[in-house]
Each structure stands twice: as structure tokens, then as C-alpha cells.
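Working notes for the structure below.
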């Protein structure tokens, strides 16, 4: 009894359908990886793309570096935004570096 369990777990012994069982396990592992890792990442990426496409002048945003400001201008051709930090300071960022909108 003690020796049959490791042999069955290793795929040896008298089992004739070991290849199909292995394929089922790999398929199950892939489905679990998809549900736990790939799907949530794609959802988050789509939400970020929607945020970037909805940006407009006057929105208050925070960059991925933690800088707060208001969008002063958007350059769609170069994929950049100019963020107004205060009355005298305007900085240019890549549009993808916008992390989130800040509620007013």
C-alpha cells in the first residue's frame, strides 16, 4: 500500500491512460493560470486604455511617478500631455505615464 501511491502519482504502475491524465492536468493548470493571472491583467490594461482615451483638457490627474497636476494640453500625434503643476510650471509627460484621474 505504501509503494503503490508514489508509483501511481509518478504515472507508472498499471494505469493505461497516463497520457490523457497528464494532458488534463496541464489543461487544468493553464485554465487556473488564465483565470488568476492573465484575465485580471488584461482587464486592468483595458481600463487604463479607456482612461487614457477619455483624457481631456482640465482633468486633474496623477502620474505614475506620483506628480499631481491638471492637463493643460494634449498632443495626440506625439502621444504626450502637458500637465500644469502650478501657475508657472508646465511639464510634458508621455500619455501612458498618467496613472489615474483625481476626483475634484
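The residues 81, 31, when put in order of fewest to most other Cβ atoms within 10 Å, stand as 31, 81. Shape class of segment 55-99 from the alpha-carbon gyration tensor: oblate, with a/c at 1.5 or above and b/c at least as large as a/b. Fewest-first ordering of 97, 64 by other beta carbons within 10 Å of each residue's beta carbon gives 64, 97.
Here, each number is a calculation from the coordinates, and none is a lab measurement. Because the structure is predicted, anything quoted here is derived from the model rather than measured. When we count neighbours, we look across all protein chains shown, and the Cβ atoms used for this are built from the backbone with ideal geometry, even at glycine.
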